[in-house]
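Visitor: Mind looking over this structure? Questions follow.
The values are calculated or read from the model by the stated rules, or taken from the named source; none is laboratory data. Model, not experiment: these values are computed from the prediction. Positions of Cβ are generated from backbone atoms using ideal geometry, with glycine treated the same way; all protein chains shown enter the neighbour counts.
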Amino acid sequence: MLLHDNAPAHFAICVQFLAQSGVPVLDHPPYSPDLAPADIFLLPRLKSSMKGARFADVVTIQVSVTAVRRLIPTEAFADSFKKLYERCQKCVVKDGDYFEGQ
């Protein structure tokens, strides 16, 4: 399944390809950034680990991101999905309206 936050960048060719290939795309309520796992879990970790680094090319960026990602324990990913489920429940209770907190 594909979950993204409806940002225009997420309608890139690769996302369109996944959707057209039968990968289910989950609806994402507007104004709900707390429901974007990459924004609240993965990107902050990558940004803090790579802050201030300079890269010569895209391949070097990919190698660095992959190395940082591999240092994140599997349990941390599992916990992030548990927290995502809890945030989704809050969203359901609020009938899709904005709610604060993670």
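Visitor: Check the stretch 67-77 and report whether any residue there is hydrophobic (A, V, I, L, M, F, W, C), modelled with pLDDT under 85 and in a helix (DSSP H, G or I). Walk me through how you get there before you give the answer.
Guide: Let us first name the residues in the stretch 67-77 that are hydrophobic (A, V, I, L, M, F, W, C), namely 67-68, 71-72, 76-77.
If we keep only those that are modelled with pLDDT under 85 too, we end up with none.
No, the stretch 67-77 contains no residue that is hydrophobic (A, V, I, L, M, F, W, C), modelled with pLDDT under 85 and in a helix (DSSP H, G or I).
Visitor: Select from the stretch 1-27 the residues that are touching a helix residue (DSSP H, G or I) at 6+ places or on another chain (Cβ under 6 Å) and either among the polar types (S, T, N, Q) or at pLDDT 70 or above (or both) and list them in ascending order.
Guide: The answer is V25, and nothing else.
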